[in-house]
Each structure stands twice: as structure tokens, then as C-alpha cells.
Amino acid sequence: MSDSKKKVPKRRFEEFSNANDWEQRKFTDVLDRVNLVSNSNKIPKVEFEDIVAGEGRLNKDISEKLDNRKGTLFHPNSILYGKLRPYLQNWLQPTFKGIALGDFWVFEAKDTDAKFDYFLIQADKYQRIANDTSGTKMPRSDWRLVSNSFFSIPKKEEQQKIGTFFQQLDDTIALHQRKLEKIKALKTAYLSEMFPAEGESKPKRRFAGFTDEWEQRNLMSVFEFPVSTNSLSRSQLNYDNGEIKSVHYGDILVNYDSILEIAKDRIPFITNGVIDKYKPNLLENGDLIFADAAEDETVGKAVEVGGKTNEYIVAGLHTIVARPRRKMAKFFWGYYINSSIYHNQLLRLMQGTKVASISKSNLQKTYVTYPDNFVEQQKIGAFFKQLDNTIALHQRKLKKLQNIKKAYLNEMFI
């Protein structure tokens with residue numbers, strides 16, 4: 001059924017189930033687009049970079065972001081909508097007075113509920129219209145198209161109920177997001193304290209009962225370097241079938257943190273290879289796979305292979321494989337190598353400008369520090385793995401809430 005024929009949404013609050021049909025109203029009869037320009041240095045400025053895309057919240061405190069730049073004045077409960085590249089979903093309903101800098105539309109509710117309007121612009125119909133853009137490199141929403149479009153609007157009481165419902169959902173999402181950010185920050189702090197600082201032989205924070213100094217060794221004396229299959233390109237991979245799985249630098253930089261668990265993660269297969277050709281390069285549990293190239297300082301990020309049973313797996317494009325020469329507790333190396341304590345060494349050895357890289361020879365110049373006591377290794381690895389499990393749990397909860405919101409936006413608006 002087309003939007004024009006729908007009279008009520010798919011999902012509705014029970015008290016409104018027998019209420020009037022929603023009425024069609026032109027966008028400009030629902031919201032005013034305001035263009036009051038100001039360059040006051042006494043009120044904060046908001047830019048695209050300050051907003052968490054798709055979440056409608058600020059990523060920093062902007063209360064002291066005061067300068068003389070000129071932009072569009074907004075008030076509490078105004079609606080900011082980023083018209084440049086609208087697919088980026090830069091929207092915000094501030095609780096303060098400020099100035100929007102850059103390609104924002106600033107809306108104010110007419111005789112409608114401002115919260116309802118804020119979620120109306122996030123719903124499918126408005127998003128389809130706003131993303132019918134002109135331009136290729138810098139696409140922008142077309143005001144003539146948006147302003148002349150019609151939207152289905154309920155009576156004020158129902159608007160308020162819907163606005164309150166979605167605001168509560170947003171508050172719950174924000175709460176889980178803060179919990180997630182807090183535990184990620186906690187992990188970062190522990191990574192900097194539970195491994196010895198450069199030049200030190202003991203970490204700042206330690207499990208009870210361990211007092212010995214840690215060993216400091218050249219990477220070459222602790223790891224050997226099997227040949228990785230750098231010739232494998234993305235075009236040779238798929239997820240559906242094959243005999244050998246292949247991990248590329250992009251998987252390491254984006255998809256995994258410190259541990260790559262083969263039994264759980266969906267890694268692509270090589271589609272046109274044979275096992276015999278790649279057998280010399282097969283990875284083992286405990287191997288480290290470094291990403292040797294990136295567009296930023298994540299170059300040198302690594303994952304430790306874990307959970308492998310009978311799978312065949314190799315390291316593909318832009319990777320360096322390091323294999324421990326002696327048995328170490330699982331997870332220890334995966335977390336140590338990705339700590340700032342170790343990674344800061346790599347930053348001094350990077351090459352390139354647009355794309356940074358680390359060569360195998362430079363990687364081999366670095367030093368690692370580790371406890372000789374296997375039990376201490378185990379405790380450290382298990383501690384960080386438990387932190388990662390907690391982070392993953394919060395991420396799943398957050399994703400579930402975000403999916404619920406998306407479904408409700410689809411069902412509670414026409």
C-alpha cells in the first residue's frame with residue numbers, strides 16, 4: 001500500500017486504536033525552517049564533527065566552543081538536520097541555545113509536538129525524500145523537494161505520546177552507549193597500566209603474588225616470521241565455500257580487536273586455490289597477524305589467532321605473521337601487542353604519508369616485555385578477554401536497541 005493510501009500506522013498505542021486517521025500535511029505546515037544568522041561569541045557552536053551520526057547526541061562538551069564564526073541560531077528543542085550528505089544522519093535536538101555551523105537546516109515546530117517532529121525526520125519517508133539528492137561528490141538534500149512533500153500527522157495528544165516513547169528509547173540507547181564507552185575507557189587504562197612502560201621492567205598494576213621483573217627481548221628472539229600469502233586479493237575470496245580461510249589487513253583493522261577466534265568469526269575463503277599450494281603458510285593458534293598498512297596510526301594493529309580446530313587459515317594481503325618461538329598463555333600477546341606501550345614503538349618506524357606502513361624489517365627491530373611466569377601470563381590474558389566479552393555483550397545490547405528503534409520508526413510513522 002502506498003504512503004498516500006495509508007491512514008494509520010502499522011503500530012499504534014492502544015488508546016488511539018479507534019482514534020481519527022492521520023492527516024496529510026505539507027512539510028512547511030509542520031515545521032518552520034529558520035535562518036536567523038548570528039556570530040555571537042557568547043553561545044556555543046555546533047558542527048557536523050560534534051554529533052554522533054545516527055544517534056542525535058554530542059560526542060564532546062561544546063559549552064566552551066565560543067568564537068566569532070557565523071551560523072544559524074537555534075534554541076532549545078529546535079531540530080538540526082545535516083543537509084550535506086544526508087545519509088550520514090547528522091541530526092540533533094539540543095536542550096540549549098547555540099549556533100549551527102555549516103550545512104544544517106534548523107527547524108522549529110509550528111503547532112506540532114517538537115519531539116514528534118524530531119523523530120519524524122528520522123523515519124523512513126523523510127529519509128527517502130531527504131536522500132533524493134543533487135550532486136555527486138557533495139550531495140545535498142533538495143529543499144524544494146522536502147518542503148513540498150506531504151507527511152501523515154496525528155492529533156497533538158498522539159504526537160506527544162509518540163515523541164515521549166522515542167525519547168525514552170533514545171535515553172536507554174544513550175545509557176547503554178555510555179556504559180560501553182566507560183568500559184572501553186577502562187580497558188584502555190588497564191592496557192596502559194598492566195604492561196610495563198617503556199624502559200620499565202615491571203607494570204604499574206599487577207595481580208597479587210607476582211613480583212618478578214619482566215623479560216625484555218628483541219622481537220626476533222621471541223618470534224619467528226613464517227611467510228604470509230600477500231598475493232591473495234579480495235577478488236579471490238568469498239564467504240560461502242572453499243577449503244582455506246584468509247585474513248586480510250582490512251579484517252584486522254576493522255572487524256577484530258585483539259583476538260581472532262576462528263571458530264566464531266566469519267572469515268572469507270580462498271575460492272581458486274588448492275590446499276597443497278598454501279599449506280606452508282597455514283596459521284596456528286597463538287600466531288600474531290599484523291596489518292602492515294593503514295590510512296592512519298592503526299597500522300601495526302595485530303590479532304592473535306585463537307579457537308582454531310581443524311580449519312585451514314592463511315594471512316593475506318598486507319599482513320605480517322609472527323609465531324611465538326615458545327609456548328605462551330593464550331591471549332597474552334594479542335593484548336600486549338595492541339597496547340599503547342608496545343604500539344608507540346611502531347609509530348616511530350612508520351613509513352609513507354597518505355598510507356602508512358610498517359615493514360617486516362622495522363617490525364623486527366622492536367622490543368617486547370613479558371612475564372616469564374606462565375600463570376601471570378594466563379591471568380593477564382584472561383582478564384582482558386573477560387573485559388572484551390563484557391564489551392561485546394554491551395555492543396550486542398546496544399545493537400538490539402538500535403534495531404528496535406529502527407523497526408518502531410518504520411511501524412509507528414506512515
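Using Cα pairs closer than 8 Å and at least 6 residues apart in sequence, work out the relative contact order for the chain, in percent. Don't skip to the end; give the middle numbers.
On the way: 736 pairs, mean separation 67.5, N = 414.
Once divided by the residue count of the chain, the mean separation gives 16 percent.
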Open item on the list: Just to be sure I understand the model, the point goes 7 Å from the Cα along the line to the Cβ. What's the resulting K327 to E193 distance in nm?
Closed with: 3.3
Task: Label corresponding to Cα extents along the principal axes in Å when calculated from the structure given, among [x] 74, 46, 41; [y] 68, 53, 43; [z] 74, 52, 43 - done: [z]
- [ ] State the extension gain, in nm to one decimal, for the chain segment bounded by K10 and F210, taking 0.36 nm per residue of separation less the distance between their alpha-carbons.
- [x] 65.8 nm
Task: Surface accessible to a 1.4 Å probe, L36 within the full protein complex, Å² - done: 100
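To the nearest 0.05, how large is the calculated FRET efficiency for K400 and K360 if R₀ is 45 Å and r is the Cβ-Cβ distance?
Values: r = 42 Å, r/R0 = 0.93.
The value I calculate is 0.60.
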Task: Cα gyration tensor category, rounded, prolate or oblate, for the stretch 367-410 with a/c compared to 1.5 - done: prolate
Open item on the list: With viscosity set to 0.692 mPa s at 37 °C, what whole-number translational diffusion coefficient in µm²/s follows for the stretch 246-334 from Stokes-Einstein and a Kirkwood radius over Cα pairs?
Closed with: 247
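Does the stretch 162-267 come out rounded, prolate or oblate by the C-alpha gyration tensor, with a ≥ b ≥ c the root eigenvalues, rounded set by a/c under 1.5 and, if not, prolate when a/b is larger than b/c and oblate if not? Walk me through the intermediate numbers first.
Numbers: a/c = 3.20, a/b = 1.09, b/c = 2.93.
Oblate, because a/c is 1.5 or more while a/b does not exceed b/c.
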Task: With Cα atoms, 0 to 90° folded angle of helix 374-412 axis to the chain main axis - done: 20
- [ ] At 1.4 Å probe size, with no ligands or nucleic acids counted, give the accessible surface of W214 in Å², nearest ten.
- [x] 20
- [ ] Would you work out which of N281, T28, I337 lies farthest towards the positive end of the dipole of the chain? Charges go on Cβ: Lys and Arg +1, Asp and Glu -1.
- [x] T28
Task: Residues I43 and S201, FRET efficiency given R0 of 45 Å [Cβ-Cβ distance, rounded to 0.05] - done: 0.30
Task: Cβ-placed point charges (K, R +1; D, E -1), dipole of the chain about Cα centre in debye, nearest 20 - done: 340
Open item on the list: Once each part is reduced to its C-alpha centroid, what is the distance from the stretch 287-332 to the stretch 370-414 in angstrom?
Closed with: 21
Open item on the list: As an exercise, use a Förster radius of 51 Å and the Cβ-Cβ distance of E108 and A382 to find the FRET efficiency, rounded to the nearest 0.05.
Closed with: 0.40
Task: Cα-based equivalent ellipsoid of the stretch 283-363: semi-axis lengths in Å, sorted from largest, via gyration tensor - done: 23, 15, 10
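The values are calculated or read from the model by the stated rules, or taken from the named source; none is laboratory data. Bear in mind the structure is a predicted one, so any value in this text is a computation, not a measurement. Cβ sites come from the backbone with ideal geometry, for glycine too, and all protein chains shown count toward neighbours. For the accessible areas, the whole protein counts, side chains as well, though only heavy atoms, and no ligand, DNA or RNA atoms are used. Shrake-Rupley method; radii C 1.70, N 1.55, O 1.52, S 1.80 Å.
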